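The values are calculated or read from the model by the stated rules, or taken from the named source; none is laboratory data. A quick note: this is a predicted structure, and the numbers were derived from the prediction, not measured. Methodologically, a virtual Cβ is constructed for each residue, glycine included, from the backbone with ideal geometry; neighbour enumeration extends over all protein chains shown. Side chains are part of the model used for accessible areas, which takes the heavy atoms of the whole protein and leaves out ligands, DNA and RNA. Shrake-Rupley method; radii C 1.70, N 1.55, O 1.52, S 1.80 Å.
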Amino acid sequence: MKKLAAAMAVALLLAGCKPQTAKEIRIGLITPLTGDVKTFGESVKNAFEMAVDEANKSGGVAGMRIIPIVEDDRNDPTEASNAASKLIKQDRVQAIVGSVTSKATIPVSDLAQSGKIPAITPSATNPKVTVADGKRKNYMFRACFIDPFQGKVMAKFAREALFKDKAAVLYDASNDYSKGIAEYFSDAFKLMGGKVVAYESYGKDDVDFSALLTKVKASGADVIFLPDYYNKVGLIAKQAREKGIGAALIGPDGWDSPDLVKIAGDAVEGGYFSNHYSPDDTRPEVVAWVKKYREKFGQTPDALGTLAYDATNLLLEAIRKANSGDPEKIREALASIKGFKGVTGESAMDDNGNAVKSAVILQITGGKQKFLKVVNP
């Protein structure tokens, strides 16, 4: 009688279990949904989820349905580490997209490496993301160009297009992205015959830049390079104009946010910055992407979101190529990708896991971004 009861219990239990109809692959996203650069995080999340939804609606990837798991790092290195640790150890993801900024992605890359989980950042441009102390982190990749290229591009633009001779550079000493690109720009500007007449740092929580800008004004700089994110750039630009500083303002991709003009107003009018794509590009891939993003979210996709869409699709392509959810096979497939055609252009992974691709230069005109030119590596 006991055996019969036990058998019936097992049968009932099995009857109540739903059979798994498809294999699954868990992919984590780490992005700043709150904090000082939350507009970056929002567009990255939107684009990541679009790529995942499109793949799932077409039957998944390599026969597997994608299970996305999103974590907020608040653009804080400690929070980014916690997010990566949770995704790897608790959620058992097989791959990660993220994070977004360099200071948050560097610790993520270390955990991805030690956990042997392939990760691809859409937009973290500091070289330390994929290489540290001369050693390649072979589980870490990126969908964007790197800061040495970006710094050289803007130095060349300042010298040869704007005909500027004397540069001032203001940077956040606590931020690897800001500090690194300040150095790359300065080195390139000097090699091209220019002079760096002011090279000043500030802290991550500073909001009053009067003392630094007084030095900049006294230096006679005719161009100011601001390698930081839109929130700080907006404050510095506004205070510079209030001090009567008329030097041209230029910077890197961290400027790319609609909030830059909201913070700075006319202070950034006429400013230039390097970026990863322009929504005004007439390539079919760009036109189609901008159209569907606007239809879904009611706004034009920025470079961060567009890179996230490309990064996610790069990862999905690697999974298809590997035909597996095994992290090691995905890593090998990512490393071998060549000629991937994304919205931000065609790219290939170099030996350090960096995407080799073009940059664009944009100008802020009438409070909007205007496409100027493409710069090839």
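A compact table of results
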{"item": "Sum of -39500 (n - 2.57) over DSSP H runs of 4+, divided by residues of the chain (222 nm, nearest 500)", "result": "-13500 deg cm²/dmol"}
{"item": "Accessible area of the stretch 195-237 belonging to carbon and sulfur atoms, whole % at 1.4 Å probe", "result": "54"}
{"item": "Spin-label pair Leu162/Arg136, simplified geometry with 7 Å Cα→Cβ offset, distance in nm", "result": "3.6"}
{"item": "16 Å Cα-Cα reach of Lys292 towards lysines, excluding residues that sit fewer than 8 places from it in its own chain", "result": "Lys45, Lys57"}
{"item": "Cα→Cβ-extended label distance, 7 Å offset, between Asp259 and Lys195, nm", "result": "3.8"}
{"item": "Student exercise, the chain dipole from Lys, Arg, Asp, Glu Cβ charges, in Debye to nearest 20", "result": "920"}
{"item": "Nearby aspartates and glutamates by direct alpha-carbon distance to Lys296 (threshold 12 angstrom, same-chain neighbours under 8 apart not counted)", "result": "Glu49"}
{"item": "Per residue, in Å², the accessible surface of the chain once ligands and nucleic acids are set aside, probe 1.4 Å", "result": "44"}
{"item": "Separation of alpha-carbon centers, the stretch 40-75 and the stretch 212-240, rounded to whole Å", "result": "37"}
{"item": "GNM top mover of Leu191, Leu334, Leu260 - the chain, alpha-carbon springs below 10 Å", "result": "Leu191"}
{"item": "Charge dipole magnitude, Cβ of K and R +1, D and E -1 - the stretch 279-377, Cα centre, debye nearest 20", "result": "400"}
{"item": "Restraint check, Lys116/Lys137; Lys86/Lys116; Lys190/Lys357; Lys38/Lys103; Lys38/Lys152; Lys89/Lys204, Cα-Cα greater than 20 Å", "result": "Lys190/Lys357; Lys38/Lys152; Lys89/Lys204"}
{"item": "FRET efficiency, Thr282 to Ala211 (Cβ-Cβ, R0 35 Å, nearest 0.05)", "result": "0.15"}
{"item": "Spin-label model distance (nm) - Asp187 vs Lys204, 7 Å beyond Cα toward Cβ", "result": "2.4"}
